[in-house]
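The values are calculated or read from the model by the stated rules, or taken from the named source; none is laboratory data. All figures in this text were calculated on a predicted structure; none of them were measured in a lab. Don't worry about glycine lacking a Cβ; one is built from the backbone with ideal geometry, like all the others, and counts go over all protein chains shown. Keep in mind that these areas ignore ligands, DNA and RNA; they rest on the heavy atoms of the full protein, side chains included. Shrake-Rupley method; radii C 1.70, N 1.55, O 1.52, S 1.80 Å.
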Amino acid sequence: MKATIMATTAFDTFDEHHGSPALMSDEEIVARIFDHIDNGTTDRGKSSWREPAQNYQSAERLDGELALLRKRWIVFCPSVALSRSGDYIARDAAGTPLIVVRGNDGQVRGFRNACRHRGVQVAKGQGCTSVFVCPYHGWSYGNDGSLRSVPHNDGFPGLDKENRGLVAVECLEKNGFVFVKQDADSKDRKDQPDLPDLIPEGHRVIKSETLEIEANWKLHLESSLEGYHIRSTHQTTFFPVQYDNLTVVESFGQNNRIAFPYQTIEGLRDKPRSTWSTNGRLTYVYHLFPNVVVSTFPDCMQVVVLEPLGLELTRQHMFLLANCGDKGDALDAILKGQEFAKMGAIEDREVVLGAQRGLKAGANEFLEFGLFESAIGRFHEALTGELEDAA
């Protein structure tokens, strides 16, 4: 079944001439929100989108999505997660075990996480080290990937250490993020990521965690990209402090920014427009195509990378960033505020799990995304287009 093609929203602000995002200013965003509040409206796309249910259930489709994640530049983590020499993160990305590490020279590099002897992973989780040691036979590698030592080296005549370091993958540090591209031979038309600088100076990682959700990665992603569900899903959490179905949606390239205003934005009504600031008065959700969500909150922000593990299993890697010390009232207030946000996340997870179970009911030939859910339509349109181009 072919999906209904949804046109780009009326708010596509990608600068085709300069190739850089051109998002609305605080003043423009606030003015648009006030207009919606006063008229009982919200941003709408030009048409709806129907995504075939089979696209969430097809192993062949998932294989194509994983291949796409391997062929293009993908956010691996925020740069500040690797702030010191030797800092590393080892995890699977699109089914491939990888290590990303900041070397002693300050450069971030990516490697396939497999010893050159027998292929065992040389690192797990995250930490800081100057050397990776394989737990199987003790072959060791520097954080530049070079093979440093081989126990009982005389047992490997002709071993060329210079050419047996960890196998590199392309790695790029830009706009506050670390990107990887596993398929070095791919000629992806979006060869270099071009994003706004989303992470403010001075922010650091104050918390990180990994969580597995028993649902398709796209179902999970969709829950972040619209405000149509705020009243029904978040009756006692987000709805009392936000609005029913009121968002401002912008797009840049294949990416989206969705503004979810708080009712405290009304406090700007009597202030000069030149002083209007969205800080602390709304949440921005940036969808970085295809599988990354960056959300802003008062005094902190969250970076989430979604890794598909199967048709009904997603691993979520979360980084919470803020500009505060390791201890003190500021940190305590941020973590307390995140407990509130976590309650909303649990509510979202419950409905996502329900949507996953609903696929098995066989009731729907397609999932319907209306005019209020235009960012989701744009995501599926872009993903479908990329997969068709690769076919």
Each residue of the stretch 255-265 in order: what ³J(HN,Hα) in whole Hz does its phi give by Karplus 6.51 cos²θ - 1.76 cosθ + 1.60, θ = phi - 60°, with x for Gly and Pro?
9, 9, 10, 10, 9, 10, x, 8, 5, 5, 5
Interchain or long-range residues, amide H under 5 Å from LEU367's placed H:
GLU51, ALA53
What net charge is computed for the residues neighbouring GLY142, neighbours being all others with C-beta under 14 Å from the C-beta of GLY142, Lys and Arg scored +1, Asp and Glu -1?
+3
Mean-square fluctuation maximum in Gaussian network of the chain, Cα pairs under 10 Å, restricted to ARG204, ARG72, ARG273, hits ARG273
In terms of modelled amide H atoms, which long-range or inter-chain residues lie less than 5 Å from the amide H of GLN121?
CYS115
Could you run the Debye sum over the Cα atoms of the stretch 242-293, one equal point scatterer each and no solvent, and tell me log10 of I(q)/I(0) at q = 0.13, 0.25, 0.28 Å⁻¹, two decimals?
-0.39, -0.97, -1.06
Calc'd 3J(HN,Hα), the stretch 311-321, phi into Karplus 6.51 cos²θ - 1.76 cosθ + 1.60 (θ = phi - 60°), Hz, glycine/Pro = x, comes to 4, 10, 8, 10, 9, 9, 9, 10, 10, 9, 10
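So what is the accessible area of the chain per residue, in Å², with the probe set to 1.4 Å?
Values: 18080 Å² over 391 residues.
That works out to 46 Å² per residue.
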Under a 10 Å cutoff between Cα atoms, tell me which one of GLU60, GLU226, GLU373 has the largest fluctuation in the Gaussian network model of the chain.
GLU60
For LEU359, net neighbour charge (Lys/Arg +1, Asp/Glu -1) across residues whose Cβ lies under 15 Å away:
-1
Between VAL120 and ASP389, what length in nm is gained on full extension when 0.36 nm per residue of separation is reduced by their alpha carbon distance?
93.4 nm
Please list 3J(HN,Hα) in residue order for the stretch 72-82, calculated via the Karplus relation 6.51 cos²θ - 1.76 cosθ + 1.60 where θ = phi - 60°; whole Hz, with x for glycine and proline.
10, 5, 10, 5, 9, 5, x, 4, 5, 6, 10
For the stretch 252-377, the accessible surface attributable to carbon and sulfur atoms (probe 1.4 angstrom, ligands and nucleic acids excluded) amounts in percent to 52 percent
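Of LYS174/LYS342; LYS181/LYS360; LYS124/LYS181; LYS71/LYS124, which pairs sit farther than 26 Å apart, going by alpha carbon to alpha carbon? Could you put the intermediate results ahead of the total?
Numbers: LYS174/LYS342 29 Å; LYS181/LYS360 34 Å; LYS124/LYS181 20 Å; LYS71/LYS124 24 Å.
Going by Cα-Cα distance, LYS174/LYS342; LYS181/LYS360 fall outside the 26 Å limit.
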Within 10 Å of each candidate Cβ there may be at most 11 other Cβ atoms; applying that plus a DSSP loop requirement, which trypsin sites (Lys or Arg not before Pro) in the stretch 274-345 survive?
LYS327
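Given R₀ = 25 Å, what would the calculated FRET efficiency be for GLU209 paired with THR96, taking r from the Cβ atoms and rounding to 0.05? Please report the intermediate quantities before stating the final value.
Numbers: r = 22 Å, r/R0 = 0.87.
The pair GLU209/THR96 has a calculated efficiency of 0.70.
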Check which residues have an amide H placed less than 5 Å from VAL169's amide H, if you skip close sequence neighbours.
GLY110, PHE111, ARG112
Where the accessible area of the stretch 71-176 is counted over protein heavy atoms with a 1.4 Å probe, how much of it, in %, is carbon and sulfur?
47 percent
